[in-house]
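Enquirer: Mind looking over this structure? Questions follow.
Any read-out appearing in this document is the output of simple, stated calculations on the displayed coordinates, not a laboratory observation. Just so you know, these numbers come straight off a predicted model, no measurement behind them. Note that each Cβ is placed from the backbone with ideal geometry, even for glycine, and that neighbours are counted across all protein chains shown.
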Amino acid sequence: MIDTRVAPENSIRDRIHEARLFNRRVVGAVAAVLSLMALVIVRLAYLQIVYHEHYATLSQNNRITLAALPPDRGLIYDRNGVVLAQNLPAYSLEIVPEQVPDLDATLVALQEIVALTDADIKRFRKALAQKRSAKGVPLRFVSTAFLAIVALAVSACAQIVGVLLVFTLMVGPPAAAQRVTTGLWSGLALSAALALGEAWLGIVLAYYTDWPVSFCIALLSALGYFVCLGLPRRTHAAHAH
């Protein structure tokens, strides 16, 4: 007996078309990730090669202070030989509070050497309270914690979304965030926010289109970086007093 029933239309799959569509999606995702990698490499080359002297000079300025010393002006006399203008030495005293173990004892000792009044010390303490403390970032702790977070994120997400997508979300948002902010914690917060936003928008975009999720997220990550690239970069100068 021959079964003459016709299979439903949706049960017939065009495997050749699906294979071609899958290959196009893979090529698009790989191209997006490689583009992001190229941007990172170009940016690193730009900072390390083109602007090497500029940032090396900024690094030297953190520990070297250049003071312009004007030449001595000649004495000015009137017609009777009386000095109208002359040169008198002037001195300035600077203290780095972070490098002084006991600031109060140091100020008391300086009063015995230099003519410091109580008003001068009061003015100094007022200026010190208004200045931000030049405390450094604990690099060893931050770097160790960052590597631990990266290892956990990669190991947990690689099995779910793939290595390429994890790499995209780990490179694109930080590269965009460092164009907007220069702070450590603000940069981390902005990177996380950009990564979450790009992931959710990529899922929504893939839902309403025929594009793969990884391609949509990589595309949004690249667009986010280019948008931040066009924004004026924020810089800050640290001065120690």
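Enquirer: Does any residue of region 42-50 turn out to be more than 30 Å from I121 (Cβ to Cβ), surrounded by fewer than 10 Cβ atoms within 10 Å (Cβ to Cβ) and out of contact with any Ser or Thr (no Cβ under 7 Å at 6 or more places or on another chain)? Before you say what the answer is, go through the steps one by one.
Expert: Taking region 42-50 as the starting set, the residues that turn out to be more than 30 Å from I121 (Cβ to Cβ) are 42-50.
Next, from what is left, pick out any that are surrounded by fewer than 10 Cβ atoms within 10 Å (Cβ to Cβ): 49-50.
Filter again for out of contact with any Ser or Thr (no Cβ under 7 Å at 6 or more places or on another chain), leaving 49-50.
Yes, there is a match, as at least one residue in region 42-50 is more than 30 Å from I121 (Cβ to Cβ), surrounded by fewer than 10 Cβ atoms within 10 Å (Cβ to Cβ) and out of contact with any Ser or Thr (no Cβ under 7 Å at 6 or more places or on another chain).
Enquirer: Can you tell me which residues in region 188-212 are buried (at least 18 other Cβ atoms within 10 Å of the Cβ) and either aliphatic (A, V, I, L, M) or part of a helix (DSSP H, G or I) (or both)?
Expert: Those that are buried (at least 18 other Cβ atoms within 10 Å of the Cβ) and either aliphatic (A, V, I, L, M) or part of a helix (DSSP H, G or I) (or both): L190, S191, L194, A195, E198, A199, G202.
Enquirer: Follow-up question, since we're still on this one. Test each condition in (1) over 16 Å from L165 (Cα atoms); (2) within 31 Å of the chain's Cα centre (by Cα) for R79 and report the one that comes out false.
Expert: It is condition (2) that R79 fails.
Enquirer: Specify which of the listed residues (S92, S59) is assigned to a loop (DSSP other than H, G, I, E, B), out of contact with any Ser or Thr (no Cβ under 8 Å at 6 or more places or on another chain) and not charged (D, E, K, R). Please lay out each step first, then the result.
Expert: Values: S59 fails: assigned to a loop (DSSP other than H, G, I, E, B).
Selected residue: S92, the only one of S92, S59 that is assigned to a loop (DSSP other than H, G, I, E, B), out of contact with any Ser or Thr (no Cβ under 8 Å at 6 or more places or on another chain) and not charged (D, E, K, R).
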